[in-house]
Amino acid sequence: MRWMKVAVQTGAECEEAVTQILLSAGAQGVVLEGDGSRRAVVAYLPEHTQVSVDDLEQRVRDLERYGLEPGPARVSVEWVQDEDWAESWKRHYQPLAIGRRLLVKPAWVRAPYDGRIVIELDPGMAFGTGYHPTTALCLEALEELVQEGDTIVDVGTGSGILAIAAARLGAGSIVAVDIDPQAVQVARENCRRNGVHERVWVATGSTAAASALLAGKQARLVVANILADVISDMAEELYGLLQPGGLLVASGIIDDACPQVQESLVRASFAVREERARAEWRCLIAERTS
């Protein structure tokens, strides 16, 4: 069987949105290749997939309607065989040490743990593997902030990596939500793979679904690794999920959008305590003050 390898050259702030476009087109997985202006989102689609280069380019350009800058929006296609596709995944998804204690690895790799907390993932979604700077920033923040027995909410859970990390770091209960039913299924499978499914409740939806699952409780920690505009729009809802003194870890924020997100959080009565950076991405830690 052959696979269609599709590479989309786009702006950094559109990487996650382009990933979703490719997954909805039938991609079996996504990786990020290159750096700087040569960065591309690369996907592998089955041979029979009915999709055209023109259609993909148009869908990427349409991201401008949502206030995103798609950049070059150039799409290239090449055909690869099964064995080439498999080897490509294995090259890209190797064990990744994050922070002082975490190790993220694909299921097929045996890795020296060196006393680290291991998170084993199905690598079908690149933005849930730890390789993207926003995911790494959130994992490092969780490593520092999670306390034993915490109640935590993960908004936009994707592969479930952040919810799994929170559970492995000692959180007592985690509510994880995503608007994409496919991501919810992946997250559930990954939670079971890591033996934390009895402490992580995964559901389709957003903040309202999270609130319902909390059943009147409030979280000490909320993590939202999503688009900057979405964080801004739901700032008040995120505030409502937290107990007084609780912390929000917000990422998926490109550097140019960071001031706007900070303003939205302050308007929602958050106090922004810290801003962290990796490449062009930002992570904000904010506190519910009352």
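The values are calculated or read from the model by the stated rules, or taken from the named source; none is laboratory data. Because the structure is predicted, anything quoted here is derived from the model rather than measured. Glycine gets a Cβ as well: all are built from the backbone with ideal geometry, and neighbour counts include every protein chain shown.
Going through (1) in a helix (DSSP H, G or I); (2) more than 15 Å from A219 (Cβ to Cβ) one by one, G195 falls short only on (1). On the stretch given as the range 129-149, residues that are assigned to a loop (DSSP other than H, G, I, E, B) and within 20 Å of R188 (Cα to Cα) total 2.
Looking at the range 4-15, can you tell me whether even one residue there is farther than 21 Å from D122 by Cα, in contact with a Phe, Trp or Tyr (Cβ under 7 Å, 6 or more places away or on another chain), modelled with pLDDT under 80 and not assigned by TED's automatic domain parsing to the domain that holds A279? The answer is no, given that none of the residues of the range 4-15 is farther than 21 Å from D122 by Cα, in contact with a Phe, Trp or Tyr (Cβ under 7 Å, 6 or more places away or on another chain), modelled with pLDDT under 80 and not assigned by TED's automatic domain parsing to the domain that holds A279. Among the residues examined, V18 qualifies as modelled with pLDDT of 85 or more, assigned to a helix (DSSP H, G or I) and aliphatic (A, V, I, L, M).
Just one of the listed residues (A228, A268, A235) is in contact with a helix residue (DSSP H, G or I) (Cβ under 9 Å, 6 or more places away or on another chain), closer than 23 Å to I161 by Cβ and touching a residue at least 24 places away in the same chain (Cβ under 8 Å), namely A228.
The selection criterion, being modelled with pLDDT of 75 or more and over 22 Å from E15 (Cα atoms), holds for L102. Just checking, does the range 196-218 include any residue being among the charged types (D, E, K, R), touching a residue at least 60 places away in the same chain (Cβ under 8 Å) and under 24 Å from Q147 (Cβ atoms)? Yes; the residues of the range 196-218 include at least one that is among the charged types (D, E, K, R), touching a residue at least 60 places away in the same chain (Cβ under 8 Å) and under 24 Å from Q147 (Cβ atoms). Residue count for the range 152-180, restricted to those that are surrounded by 24 or more Cβ atoms within 10 Å (Cβ to Cβ) and either among the acidic types (D, E) or not assigned by TED's automatic domain parsing to the domain that holds V223 (or both): 2. Tallying residues that are exposed (fewer than 14 other Cβ atoms within 10 Å of the Cβ) and in a helix (DSSP H, G or I) within the range 36-60 yields 7. Picking from residues in the range 232-290 that are over 18 Å from the mean Cα position of the chain (by Cα) and modelled with pLDDT under 95, the one that is surrounded by the most Cβ atoms within 10 Å (Cβ to Cβ) is D256.
Being in contact with a Cys (Cβ under 9 Å, 6 or more places away or on another chain) and either modelled with pLDDT of 95 or more or not acidic (D, E) (or both) is a description that does not apply to R192. State whether the residues of the range 181-195 include one that is over 23 Å from V104 (Cβ atoms) and either outside the structural domain of L23 (by TED's automatic domain parsing) or in contact (Cβ under 8 Å) with a residue 12 or more places away in the chain (or both). Among the residues of the range 181-195, at least one is over 23 Å from V104 (Cβ atoms) and either outside the structural domain of L23 (by TED's automatic domain parsing) or in contact (Cβ under 8 Å) with a residue 12 or more places away in the chain (or both), which makes the answer yes.
On inspection, V175 passes the criterion of being at pLDDT 95 or above and in contact with a Phe, Trp or Tyr (Cβ under 7 Å, 6 or more places away or on another chain).
Answer yes or no as to whether G170 is more than 24 Å from K105 (Cβ to Cβ), at pLDDT 95 or above and not aliphatic (A, V, I, L, M). No: the conditions fail for G170.
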